[in-house]
1. Quick one: in the range 180-221, which of the residues that are of a type in the set (D, E, K, R) and open to solvent by less than 40 Å² (accessible area, probe 1.4 Å) is nearest to Lys151 (Cα to Cα)?
2. If I filter the range 280-291 for residues that are touching a Lys or Arg at 6+ places or on another chain (Cβ under 6 Å) and either of a type in the set (A, V, I, L, M) or under 19 Å from Gly211 (Cβ atoms) (or both), do I get at least one hit?
3. Pairs under 9 Å by beta carbon, first residue farther than 11 Å from Ser335 by Cβ and at pLDDT 95 or above in the range 2-13, partner open to solvent by less than 70 Å² (accessible area, probe 1.4 Å) and polar (S, T, N, Q), six or more apart or different chains?
4. Among the residues of the range 308-331, which ones are buried (at least 24 other Cβ atoms within 10 Å of the Cβ), in contact (Cβ under 8 Å) with a residue 60 or more places away in the chain and either of a type in the set (Asp, Glu) or farther than 23 Å from Glu208 by Cβ (or both)?
5. Given (1) closer than 18 Å to Tyr439 by Cβ; (2) open to solvent by 30 Å² or more (accessible area, probe 1.4 Å), where does Asn368 come up short, assuming only one miss?
6. Take the range 71-92 and flag every residue that is open to solvent by 30 Å² or more (accessible area, probe 1.4 Å), modelled with pLDDT of 80 or more and out of contact with any Pro (no Cβ under 8 Å at 6 or more places or on another chain).
7. Within the range 151-161, does at least one residue satisfy the condition of being in contact with a Ser or Thr (Cβ under 8 Å, 6 or more places away or on another chain), hydrophobic (A, V, I, L, M, F, W, C) and open to solvent by 20 Å² or more (accessible area, probe 1.4 Å)?
8. Looking only at the range 419-470, count how many residues are touching an Asp or Glu at 6+ places or on another chain (Cβ under 8 Å), part of a strand (DSSP E or B) and under 28 Å from Gln22 (Cα atoms).
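The values are calculated or read from the model by the stated rules, or taken from the named source; none is laboratory data. Everything numeric in this text was worked out from a predicted model, so none of it was measured. Every residue, glycine among them, receives a Cβ derived from its backbone with ideal geometry; neighbour counts consider all protein chains shown. The protein model used for the area step is the full one, side chains on, heavy atoms only, and it has no ligands, DNA or RNA in it. Shrake-Rupley method; radii C 1.70, N 1.55, O 1.52, S 1.80 Å.
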Amino acid sequence: MLDKYHDPRKNGSLLKQLTDQQVDITSALQETETLFKQFRRKEIRLSLHSAPSKSLYQKVTEAFFRPLSTRSFSSEQVQIKVGSDENIFPDWKSLLDEEYTNLVNNVMKEVNVVEFGAIGDGKTDNTLSFKKAIGTGRVKVIVPQGVFITKEIRLPSWTILVGAGKGVTTIKLHDSAKKGTRLITNTNHWRGNHHLFVGALSLDWNVERLGDAAKTSTWGNHSSCLTYANVTFGWVKDVEGINPGLHCFDISSTLYNYAGDGLRARGGSKYVWLDNLNGYGFGDDGITTHHSDFIFISRSHMCDPSGRAHRKGFSNSNGIEIDDGSRNVLLVNNSSARCFGGVEIKAHENSSAASNVQIVGHISVNDNRSFNFRHIGHHKSTDPESRTAYNICATHLVALAPIFTKLYKDSTPRGMVISAYKNVVINHFTLIGDPDYDYKGYPVIAVQYRARNIILDNISFRDFRKAGSDIKIFGGENRADSIQINDVVSRNSAPKQIDIGLGVEDISIKNSKSVNNYL
């Protein structure tokens, strides 16, 4: 079930048990890199079709954000390293490790928040005690066992805040806190902060204080358990996020930016590591990133969103969302359960797409769309073609029984959807369905809406008996194209293994095998 008590540090071993073929991760990553290099020789020019006219609201929104923006561009993929113990990390982690040592060396004192009058009785307002203990930074603040109520906590640069463990130390929002409150954030979103560490505690946003409010969040990067906005060198480790109005963990720019495709926000966060996080009950996403660079998310588990940041029945609540303008993001051995999307890599219509994103190991359980890659508003032939939806690599994925969900009532279940993105490599992907579940004839993997340069390699399906096809490449005016499909094995799965739509011109299929013993 992978419920809220799941220990995500076990994801690496779980992946080995769930995959239909044993994966040597070092070799698999080398295969993925080799496949990805093919795209350097297949540059696709943007179409010259004129973009549809924009509404007055769109024009005003883009004009407002433009002075706060910078040009977006696609850079080289971050290199992945594999340690002798099979630990996987980005090549820039050595820099982050150096800066952690720098943080520790710049901490002048260690204090316990109790020394400043804090009481962990679940009743006392400790806002002032935290403020005094943290001061102007260069401090390590210890928070012992207990439930510590506060109206917010703001962290200046050079600050370490640590508890006694998830479920042992809990920091909880005060009943009088406003809806837009961030439980923990950095002190200055405009000038930015640096060298922040939060670890070993639970963060309870106390959504119950809002009663039956139709919407649990306000706007932008507010209403979350933890927000790093314009933070350089940050760590969040061994932390639990509980029932936030918006996100459990938000790694963000000063403001979310909607200046248009091709532009991204100034003041993004960079060099941030999230590790061994749990989150549930989130109004929107468990973990999200916006307009930020060099983000490493590892061994984390997000499940069971409330979806209450959205209109009922239209909740795009994802376990992990790599959103607008994010670049150079690495996800390793994470998991998600019963979300709308397990992992969503995307952008809104009036923002740049997330690019240069790599996933190594992910378990999706009963998510509606296990893996969902899209640039909203850049899908149809009448839409402007995305300028920034490039470069996704994913290796060693597992999708377990995607399902229909009340979160998004009309969304059909999928193991993967790829829309509008170019240069996507999926290597070693196991998809396991429920043989008795009614997938109503829909495909398990959908490649659609002008996706280009897509490679699906070493893909394994089983038990999607009531799906229409295991893989569908959609045709027509909005067709996908430039597709390679290699080494696909289907066992007791959909009646049709690979369905090619009308007008798909550039497609290669090698070594596909389908065995349906139930027929």
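1. The residue in question is Arg182.
2. The initial filter retains those residues of the range 280-291 that are touching a Lys or Arg at 6+ places or on another chain (Cβ under 6 Å), namely 280, 283, 291.
Keeping just the survivors that are either of a type in the set (A, V, I, L, M) or under 19 Å from Gly211 (Cβ atoms) (or both) gives 283.
Yes, some residue in the range 280-291 is touching a Lys or Arg at 6+ places or on another chain (Cβ under 6 Å) and either of a type in the set (A, V, I, L, M) or under 19 Å from Gly211 (Cβ atoms) (or both).
3. Going by the 9 Å Cβ cut-off, the qualifying pairs are Lys4/Asn278; Tyr5/Asn278.
4. Asp324, Gly325, Arg327, Leu330
5. (2)
6. From the range 71-92, those open to solvent by 30 Å² or more (accessible area, probe 1.4 Å) are 71, 73-76, 79-82, 84-87, 89, 91; that's our starting set.
Subsequent filtering for residues that are modelled with pLDDT of 80 or more retains 79-82, 84-87, 89, 91.
The answer is Val82, Ser84, Asp85, Glu86, Asn87, Phe89, Asp91.
7. There is no residue in the range 151-161 that is in contact with a Ser or Thr (Cβ under 8 Å, 6 or more places away or on another chain), hydrophobic (A, V, I, L, M, F, W, C) and open to solvent by 20 Å² or more (accessible area, probe 1.4 Å).
8. Adding up the residues that qualify gives 15.
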